[in-house]
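Read the structure below first, then the notes.
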Amino acid sequence: MIPLIIDTDPGVDDAMALMLACASPEVDLLAVTTVFGNVPLPGTTANAGRILTLAGRSDVPVAPGAARPLVHVQAERAEEWHGDDGLGGRAAGLPPGPAPDPRGALGTQVEVLRGASEPVTIATIGPVTNIALLLATHPELAPRIGRIVWMGGSLSGGNVTGAAEFNAHCDPEAAHRVLTQADVPVTMVPLDLTHQCPVGPAWLHALAAAGPRCAELGAVITHYRTAYRARYGVDAVAVHDAVAVLEAVLPGTLRTTPHPLQVACDLGPARGATVPGGPGPAVAVALDADTEAVLAAILERLSTLG
């Protein structure tokens, strides 16, 4: 069984990813840590607790982390996609989660890593500010991290600017720290792949029909689906974060290519771009997969929650 920490900024696709982890018997979900991103930190923290409770895992500690980027103020949020509450306007109707863990994200991650009997996977599906802080303040714990799986970045253009993907653009300095100086294996799951994995009406109908928990998740997705249709003219939803979490729970699901990467940290139009080349360790960049199998696996697992 893979010990797992999820670092997240829920977010609709984050909600699906969290429920996917809860439905995956291959992992032991030890903690969820939260970060600013799609909505401000109080909302992401409350939403993580709500989703875990919906999935029947209110026992998992939820610990709030960074409320802002390392250096510059966050330029963009994602209420257009996720609603003002981060869960498509459905947050208030979900059962509340447990009180946030008083240790905070960094303290929780440190205690989990120190107490684990084997290396821990960290799936980070938002801005990587918490992970950069962990690596910078506790380098001695790097051997206790099996790998970092990050949903973020793009080699072919962004979704916030022409150059940058949202999670990278939120805190490029943190992304640069994690991708170029992590001292642990990193797998990056970029837009290049996740945009190949949209789910359509039949998939969403099957999810909503799989029981009350999945029906509630389907309702959460509705706002996101409407925004996706308005932006791209397609009745579908890209399940970015769930694709990354599937790779975390089933290593090797996605086919990767090693690339050293640089992150543009200037204040110009390229800010947040993830660019192949330069010095530093090779990052396993997921650029290919059997997308039909990926989407089928996500749906099959979520359906077991009922």
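The values are calculated or read from the model by the stated rules, or taken from the named source; none is laboratory data. The model shown is predicted, which means the values in this text are computed figures rather than measured ones. Neighbour counts are summed over all protein chains in view; Cβ atoms, including those assigned to glycine, are modelled from backbone coordinates with ideal geometry. Surface areas here come from the heavy atoms of the whole protein model, side chains and all, with no ligands, DNA or RNA. Shrake-Rupley method; radii C 1.70, N 1.55, O 1.52, S 1.80 Å.
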Taking a probe of 1.4 Å, how large is the accessible area per residue of segment 1-144, in Å²?
-> 35 Å²
Measuring with a 1.4 Å probe in the full set of protein chains, what accessible area per residue, in whole Å², belongs to segment 238-296?
-> 40 Å²
Heavy-atom accessible area per residue, segment 151-228, 1.4 Å probe: how many Å²?
-> 32 Å²
On the accessible surface of the chain, probed at 1.4 Å, how many percent belong to carbon and sulfur atoms?
-> 57 percent
Segment 195-256: radius of gyration and largest Cα-Cα distance (Dmax), Å | 12.8, 36
Expected-Rg normalisation [2.2 N^0.38 Å, Cα atoms] applied to segment 34-121 = 1.18
Show S24, S156, S117, S303 ordered by accessible area, largest first, where the area counts protein heavy atoms only and the probe is 1.4 Å.
-> S117, S156, S303, S24
Once the mean 1/r over all distinct Cα pairs of segment 241-306 is inverted, what Kirkwood radius in angstroms do you read off?
-> 14.0 Å
Taking a spot 7 Å from the Cα of L267 along the direction of its beta carbon, which residues of segment 68-102 have an amide N less than 19 Å from it?
-> 68-77
For segment 114-242, what does the alpha-carbon gyration tensor say about shape, rounded, prolate or oblate, given a ≥ b ≥ c as the root eigenvalues, a/c under 1.5 as rounded, and a/b over b/c as prolate?
-> oblate
Pop the C-beta distance of T253 and R114 into the FRET formula with R0 = 45 Å and round what comes out to the nearest 0.05.
-> 0.95
What does the charge dipole of segment 72-164 about its Cα centre add up to, to the nearest 20 debye, if the Cβ of each Lys and Arg holds +1 and the Cβ of each Asp and Glu holds -1?
-> 280 debye
Mean shadow area of segment 137-187 over all directions, Cα convex hull, nm² | 3.8 nm²
Of all DSSP beta bridges having both residues in the chain, the percent classed as antiparallel (nearest 5) is 30 percent
State, to one decimal in nm², a quarter of the convex hull surface area for the C-alpha atoms of the chain, i.e. the direction-averaged projected area.
-> 13.5 nm²
Kirkwood-based Rg to Rh ratio, segment 99-181, C-alpha trace = 1.02
Taking R0 as 45 Å, what's the FRET efficiency between M1 and Q196 from their Cβ-Cβ distance, rounded to 0.05?
-> 0.95
Report Rg(Cα)/(2.2 N^0.38 Å) for segment 153-306, keeping two decimals.
-> 1.12
Whole-number percent relative contact order across segment 113-209, with pairs defined as alpha carbons under 8 Å at least 6 apart | 30 percent
Under a plain spin-label model, where a point goes 7 Å from the Cα along Cα-to-Cβ, how far apart in nm are T226 and T291?
-> 2.6 nm
Using modelled amide H (1.01 Å from N, peptide plane; none on Pro or chain starts), what sits under 5 Å from the amide H of A236, excluding residues fewer than 5 places away?
-> R229
Theoretical ellipticity at 222 nm over the chain - DSSP helices of four or more residues, -39500 (n - 2.57) apiece, nearest 500 | -11500 deg cm²/dmol
